[in-house]
1. Would you grab the residues whose amide H sits under 5 Å from the one on Leu144? Only those 5+ places off in sequence or on another chain, please, with H modelled 1.01 Å from N.
2. Run the numbers for Glu112 and Ser167: contour at 0.36 nm per residue of separation, minus the present Cα-Cα distance, in nm.
3. Give me the one-decimal nm value for the distance between modelled label points at Asp147 and Asn70, 7 Å along each residue's Cα-to-Cβ direction.
4. Taking 35 Å as R0, compute the FRET efficiency from the Cβ-Cβ separation of Thr85 and Thr179 and round it to 0.05.
5. Using label points projected 7 Å from each Cα along Cα→Cβ, tell me how many nm separate Arg131 and Glu32, to one decimal.
6. Among residues other than Ile98 whose Cβ falls under 12 Å from its Cβ, what is the net charge (Lys/Arg +1, Asp/Glu -1)?
Amino acid sequence: MVRFLTSVAVVLVLSACANNSATRVTEYLDPETAVTIRAVAAPIVFSHDAPELAANARDYLSAGLVEVNNMGKRVHYLALVSWSTIDRQRPGATPPAIPGRVELLIAGKAHEFSPVTHEPRTLGIGAAPFRPASGYTGESWYRLSVDDLRALSADPPGRVTLTDDASNRVEFDLWRSATEELREFVRDVPDAPKAEAPRR
């Protein structure tokens, strides 16, 4: 009886581990665009405090990795989704910071990315991931190389800095990590094809 219960316990633990691993990355055929979408199940979340407005007033950025696979052609993106718990109707409330140029500290070096779009449907994504149930204010999408993905998952940034056209900077600090999701996502990303050597 003891052996039986022990065996059951081991099976349950292994099943739980498998289920947890499986939910770190989602993959589905987009019903609107008919391309295969692969994304982290939970994004990294960064926050920017606004104590001048309320005790727990914050703007947030959800940062998630997405792969768009169109008949074998894989393109990878970083999605930054802006949302907030701040009541913008209040006197003195500033407009939310919509992601534009973004600076990430990857492997100890600052990397700046510019958005390729603010509308994911132009990338083949009909059902946009990472949007909150409420408080959504906007989003931007950035194309990443395979090297960017691997560096990002190996050393996830603890801060995101947004820069607007007037060079104003807004910093968002880590609020919730998603390290395992990033690593699980990158684990199944194929290496970038090597350029052919020129013929002589």
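1. His76, Tyr77, Leu78
2. Extra length from Glu112 to Ser167 when fully extended: 18.5 nm.
3. Rounded to a tenth, the inter-label distance reads 2.5 nm.
4. On the way: r = 25 Å, r/R0 = 0.70.
Result of the calculation: an efficiency of 0.90.
5. About 0.7 nm separates the two model spin labels.
6. Numbers: positive: Arg101; negative: Asp59, Glu139, Asp164, Asp165.
Charge balance in the 12 Å sphere: -3.
The numbers here are math on the coordinates, done by the rules we state, and not lab data. It should be emphasised that the depicted structure is a prediction, and the values quoted were computed from it without experimental measurement. Because the Cβ atoms are built from the backbone with ideal geometry, glycine has one as well, and the counts that use them run over all protein chains shown.
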